[in-house]
Amino acid sequence: MASLSNQTSKKNARSSRGSDCSQSSRNSSGQTVKFARRTSSGRYVSLSREDLDMSGELSGDYMNYTVHMPPTPDNQPMDTSVAAKAEEQYVSNSLFTGGFNSVTRAHLMDKVIESEVSHPQMAGAKGSACSMPACDGKVMKDERGADVIPCDCRFKICRDCYMDAQKGTGLCPGCKEQYKVEDYDDDPQDFSNGALPLPAPDSSKSDPKNMSMTKRGQTGEFDHNRWLFETKGTYGVGNAFWPPDDMYGDDDDDGFKGAMLESMDKPWKPLSRRIPIPAAILSPYRLLILLRLVVLGFFLQWRLTHPNDDAIWLWFMSVVCEVWFGFSWLLDQIPKLCPINRSTDLQVLRDKFDMPSPSNPTGRSDLPGVDLFVSTADPEKEPPLVTACTILSILSVDYPVEKIACYVSDDGGALLTFEAMAEAASFADLWVPFCRKHDIEPRNPETYFSMKVDPTKNKSRLDFVKDRRKVKREFDEFKIRINGLPDSIRRRSEAFNAREEMKMLKHLRENGADPLEPMKVQKATWMADGTHWPGTWTVPSSEHAKGDHAGILQVMLKPPSSDPLIGGTQERVIDFSDVDIRLPMFVYVSREKRPGYDHNKKAGAMNALVRASAILSNGPFILNLDCDHYIYNCKAIREGMCFMMDRGGENICYIQFPQRFEGIDPSDRYANHNTVFFDGNMRALDGVQGPVYVGTGCLFRRFALYGFDPPKIMPPKASTIESEMQALKADDFDPELDVNKLPKRFGNSTLLSESIPIAEYHGRPLADHSAIKYGRPPGILRAPRDPLDATSVAESVSVISCWYEDKTEWGDRVGWIYGSVTEDVVTGYRMHNRGWRSVYCITKRDAFRGSAPINLTDRLHQVLRWATGSVEIFFSRNNPVLGSKRLMFLQRMAYLNVGIYPFTSIFLIVYCFLPALSLISGNFIVKTLSVSYLIYLLTITLCIVALAILEVKWSGIGLEEWWRNEQFWLISGTSAHLAAVVQGLLKVIAGIEISFTLTSKSAGEDVDDIYADLYLVKWSSLMIPPIVIAMVNIISIGIACARTIYSTVPQWSKFVGGAFFSFWVLAHMYPFAKGLMGRRGKTPTIVFVWSGLIAITLSLLWIAISPPKASSTEASGGGFQFP
């Protein structure tokens, strides 16, 4: 068995590449890296080395612009911790930009936001002034915010001056003595064996630092127990004894015996359990499905053999619809045969990965890293305050701080979003430690402070009320700053643009130009440090528009230290003396966009984050969230890890959490909660091959996103036993993948290719059970991560460029799949088709919560987008009929239902018109009623009711929720689903894309009502079919009623029988009619004009085609009547 120590680290790989490279101005992706300075107007001026040495003499009109040079024989990297800290602080304080045919630049930010930055991890954090003459730089800060001074003489020096001194004479400018490199040497040690190395008992005299290394306690006393276990020493007979390595007869030098023996001493416990549905519920449920299937067969056979000769067209339409409904029901019901429940054990997870032990006395976590993705595109439609609160809930999640990395994708490239994220990172300095100190739930400040419950419940600290009051005041100021950012950016930009106009006017006067000639000055958007924003400007211009701007990457919060950093009381609003004040890594990303490139919307943005995060943090797992979905349960990631790290977890591609929503009206008029799907269908699929991916709240295995097959279906090898604990190469998982063809699949980034096997190896569960075929040894993830350097950040900018995916398999096999509106379903289908399985994780406390449209029109357009994606799936190569043998049968039926369900709308609309046609024509779908027909109809009805009751039992949904789902199924089936089918057919057949957009709106007047959007009525063409159906049924009831009243022999039984089915249709349409009326019946006039004209036209057309006959009406016994 071997650990990951045989893998080439990022730092070594970079050094080796740099020493062998003859052109030091090129990185691995071929992007040019240069020194440059940026003027206040945004112009770049290239500088030579001599110019850089004279940087102190340049005028104040220039902003310093530097980029880390790749290591060469003449430019060797410093190995000291001071150099590493300097490099990482430089990276976190720089805004990296670049893209296609452009230079990758790092703009050193003097200030990121207008307000003061306090946390040392945040971009813009600075120390004292540098003591070097003619230098205005700032001294580096450590994790606590204290100045980093590399010499005993306490001479304060900034990062650039320190690097120049090291490369020059190596003397301190203050005392003129050599820097003592060994005093600051804290390079990461080898943690592959799971233990922290400490000096042996007999080395205390030879090593003067021995006592300082063992005095780890707050009191400064010598920790004998810790020394005993970490040095493997003994106190003598009768005391604790560390067993020799070969005591158990294992002579293999595997490098982690201590940790493995320790884990084997404990009884193995599962992290998750599969809880079956009680047989008293599931067995009758399955029996009723079988019974209804048999009865449905007999019913359809009777209907086919008993046509209605008086109205053959009516009979034919009804039979066709009923056959399709039976087929559609079968596709929906069959995958529900195996529903299950699951539970997790968070205590076992903590004991196994986080608890201190002889091999891990400091209690460093052995959990894998997680990269969290948040996507946003337009700050006008997605308020920055909502996104900022989502980020704050992520930064305060209950997971090892050093294992978390948060990435926000701003697809609009807006300065408003950038500064809002910087403000959120600044406020996190107070909010995150406050949540840890008082165990706050939920950790979205907007939601927490708006809760109508007692905040002191279950709080034991005496200073909670005082702390909460202070944080609430700070949060109110934070909201004011966020909401004031648009005006702040506008005023700042106007001031700087006015200054530029004055400079231009002065320049024209000096050159003797005509002052009356109009000046052409770009209306730029300016950052807080007085330079141009490289993204989208408020007034769009070339290279500064939504679809045309450079790639931007800013490390808002640099990676934290590996060990806890306990806060204090100095210069803080709250006492954090016993709280870890570290913050997770936080990165702002805006991928490059250029005209002429297909950027593939959200899927393209997600893939850009996958590549950038692979180079910067390379977390083995990825959790993606929408900007309006925040973490409601701070332990949600741990809940997901219980499945990924458990037995069989190596074959799980993703963990899907249910979507829960806030702000929904109490009656849930339009089934926004969608509980029938999330608690019924998804729970049932969990018993097959796993739930489908639904777009947000999903924890992915990064290796599965890369398009590889699961380990369990690998071909057997001769060295299988040895390889089960080794880090394998990419071609070991995909025999068809040639290592030399990695650029064909993943692009030409070497760092990205090198990160793939590392991510796979770190994502394995612990090899502590015989059923785990591909595991990893304990302890290898306790090593601290490598510090960030400018080379890797520049590489990250390169992989988010618009050209990077050209001639690669991104979007086709790798990452989120392109070509569909519902890229989430297709991405999950591809993984299941390769043999992976997924898990549905329902937590006691909701894992995530978000917002959903509660007004009728927005809800219909949401369903329209989903249904359009389903139609695209049906007509594409992602149709499950074409799936591989690895896709299980029931799973294939579920995906087939996903692609087919929109087509049910065609038959549903016809069937909704049948009651009206029956009332107008005086005929019914059957000629005469027989006992067999009534028995079949009654049995099917009873089966439907019984199945609904049992489904409510095992899924936990309510009957009202089930009924709301049935109502909205008919509403959406007669509107959005039909439009999706039309749109999909036109796109497939003729290549025409039609979008059903909003054209007008009528808002409510009560802005204080939290449900004001519920009464918002917007005109849309999607409203026409349901309104026509409702009006035709109402008109038909009126016609039949009048005809019955004025007939010679009134036949009320026929009227009541036909009207019953019309009222059944109208009952399903009730939420639609209620939403159409708005708050006070305010509905666009065009809605009634169109619907009334269509309804009257259809009624008159039918009367003209088949005029009613008085004799037949009075004498005929045909038509529906109750026996």
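The values are calculated or read from the model by the stated rules, or taken from the named source; none is laboratory data. From a predicted model like this one, the values you see are computed outputs, not experimental measurements. All Cβ positions, even for glycine, are placed from backbone atoms using ideal geometry, and neighbour counts span all protein chains on display. Ligands, DNA and RNA are excluded from the accessible area calculation, which covers all protein heavy atoms including side chains. Shrake-Rupley method; radii C 1.70, N 1.55, O 1.52, S 1.80 Å.
Given the conditions (1) assigned to a loop (DSSP other than H, G, I, E, B); (2) open to solvent by less than 10 Å² (accessible area, probe 1.4 Å); (3) closer than 30 Å to ALA498 by Cα; (4) not aliphatic (A, V, I, L, M), which single one is not true for GLN554?
For GLN554, the failing item is (1).
Among the numbered criteria (1) open to solvent by 40 Å² or more (accessible area, probe 1.4 Å); (2) part of a helix (DSSP H, G or I), which single criterion is violated by HIS832?
(1)
Keeping to the stretch 678-701, report how many residues are closer than 17 Å to TRP962 by Cα and in contact (Cβ under 8 Å) with a residue 60 or more places away in the chain.
Going through the stretch 678-701 one residue at a time, the tally reaches 6.
So LEU485 passes all but one of these: (1) under 30 Å from HIS438 (Cβ atoms); (2) open to solvent by 50 Å² or more (accessible area, probe 1.4 Å). Which condition number does it fail?
(2)
Return a yes/no flag: does the stretch 890-911 have any residue that is open to solvent by 10 Å² or more (accessible area, probe 1.4 Å) and over 22 Å from TRP324 (Cβ atoms).
no
Table: residues versus (1) assigned to a helix (DSSP H, G or I); (2) buried (at least 19 other Cβ atoms within 10 Å of the Cβ).
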{"site": "GLU474", "(1), (2)": "yes, no"}
{"site": "PHE478", "(1), (2)": "yes, yes"}
{"site": "SER493", "(1), (2)": "yes, yes"}
{"site": "ASN497", "(1), (2)": "yes, no"}
{"site": "MET504", "(1), (2)": "yes, no"}
{"site": "GLN522", "(1), (2)": "no, no"}
{"site": "PRO559", "(1), (2)": "no, yes"}
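So if I check each of ASN633, ASN651, which one is more than 30 Å from THR791 (Cα to Cα) and either free of Cβ contacts under 8 Å to residues at least 60 places away in the same chain or more than 18 Å from the chain's Cα centre (by Cα) (or both)?
Step by step, each of ASN633, ASN651 is checked, and only ASN651 is more than 30 Å from THR791 (Cα to Cα) and either free of Cβ contacts under 8 Å to residues at least 60 places away in the same chain or more than 18 Å from the chain's Cα centre (by Cα) (or both).
Of a type outside the set (A, V, I, L, M) and open to solvent by less than 10 Å² (accessible area, probe 1.4 Å): is that true of SER820 in this structure?
It is false that SER820 is of a type outside the set (A, V, I, L, M) and open to solvent by less than 10 Å² (accessible area, probe 1.4 Å).
Out of (1) under 30 Å from TRP315 (Cα atoms); (2) small (Gly, Ala, Ser); (3) open to solvent by 10 Å² or more (accessible area, probe 1.4 Å), the odd one out for GLY883 is which?
GLY883 satisfies all of (1) under 30 Å from TRP315 (Cα atoms); (2) small (Gly, Ala, Ser); (3) open to solvent by 10 Å² or more (accessible area, probe 1.4 Å) except (1).
For the stretch 840-861, state whether one or more residues are among the aromatic types (Phe, Trp, Tyr) and in a loop (DSSP other than H, G, I, E, B).
Among the residues of the stretch 840-861, not one is among the aromatic types (Phe, Trp, Tyr) and in a loop (DSSP other than H, G, I, E, B), which makes the answer no.
PHE256 versus (1) open to solvent by less than 30 Å² (accessible area, probe 1.4 Å); (2) touching a Gly at 6+ places or on another chain (Cβ under 7 Å); (3) modelled with pLDDT of 50 or more: which is the lone unmet condition?
PHE256 satisfies every listed condition except (3).
What are the residues in the stretch 443-469 that are in a helix (DSSP H, G or I) and open to solvent by 10 Å² or more (accessible area, probe 1.4 Å), if any?
Of everything in the stretch 443-469, those that are in a helix (DSSP H, G or I) and open to solvent by 10 Å² or more (accessible area, probe 1.4 Å) turn out to be GLU446, THR447, TYR448, PHE449, VAL465, LYS466, ARG468, ARG469.
Could you count how many residues in the stretch 880-909 are out of contact with any helix residue (DSSP H, G or I) (no Cβ under 6 Å at 6 or more places or on another chain) and not in a helix (DSSP H, G or I)?
Result for the stretch 880-909: 3.
How many of the residues in the stretch 582-619 are open to solvent by less than 10 Å² (accessible area, probe 1.4 Å) and assigned to a helix (DSSP H, G or I)?
Residues meeting the conditions: 14.
Kindly check whether there is at least one residue in the stretch 926-937 that is of a type in the set (S, T, N, Q), in a helix (DSSP H, G or I) and open to solvent by 40 Å² or more (accessible area, probe 1.4 Å).
yes
Could you look through the stretch 525-547, keep only residues that are part of a loop (DSSP other than H, G, I, E, B) and more than 21 Å from MET421 (Cβ to Cβ), and pick out the one that is least open to solvent (accessible area, probe 1.4 Å)?
Per the stated criteria, the residue is GLY547.
Return the only residue of PRO307, PRO267, PRO361, PRO368 being within 29 Å of PHE657 (Cβ to Cβ) and not aromatic (Phe, Trp, Tyr).
PRO368
Identify all residues within the stretch 620-642 that are within 16 Å of PRO270 (Cβ to Cβ) and open to solvent by 10 Å² or more (accessible area, probe 1.4 Å); write none if there are none.
Once the filter is applied, which keeps residues that are within 16 Å of PRO270 (Cβ to Cβ) and open to solvent by 10 Å² or more (accessible area, probe 1.4 Å), the stretch 620-642 yields ARG638, GLU639.
Consider ALA867 against the criteria (1) surrounded by 22 or more Cβ atoms within 10 Å (Cβ to Cβ); (2) assigned to a strand (DSSP E or B): it satisfies all of them except one. Which criterion is unmet?
If we test ALA867 against (1) surrounded by 22 or more Cβ atoms within 10 Å (Cβ to Cβ); (2) assigned to a strand (DSSP E or B), just (2) comes out false.
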